[in-house]
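To start, the structure itself, in structure tokens.
No lab work stands behind these numbers, since they all come straight from the coordinates. Predicted model, so just to flag it, every value in this text is computed and none were measured.
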Amino acid sequence: MATFEIKTKHAINVQGEYVDAGLAVQISSMFANPFDDVDKIHKAFIRVHGIDLKPEGYLSLGWLDFKKI
């Protein structure tokens, strides 16, 4: 199982709240690409930062970057 750090690539506006580039969460995944389990990323951003990226369409590699740590 690998641990990944997921960060926002760009500054974004999430439901009227400004989110700066580089806002990060950490998740563990059994997949080589953590976006194969995007629900885990979604729940991590809600749990850690209280930000729901799903309705805005920001849960993709276009808006988020990942690296294995």
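Please report the relative contact order for the chain, taking Cα pairs under 8 Å with a sequence separation of at least 6, and give it as a percent rounded to a whole number.
In percent, rounded to a whole number, it is 41.
Please give the calculated 222 nm ellipticity per residue for the chain, where each DSSP H segment of at least 4 residues contributes -39500 (n - 2.57) and the sum is spread over every residue; nearest 500 deg cm²/dmol?
Working: 1 runs with 12 residues, N = 69.
Calculated mean residue ellipticity at 222 nm is -5500 deg cm²/dmol.
Mind pulling the per residue volume of the convex hull built on the Cα atoms of the chain? Å³ is fine. Can you show the working numbers first?
Details: hull volume 5.0 nm³, N = 69.
Taking the convex hull of the Cα positions in the chain, it is 73 Å³ per residue.
Round to the nearest 10 and give me the degree value, 0 to 90, for the angle of helix 38-49's Cα axis relative to the longest principal axis of the chain.
Roughly 60 degrees between the two axes.
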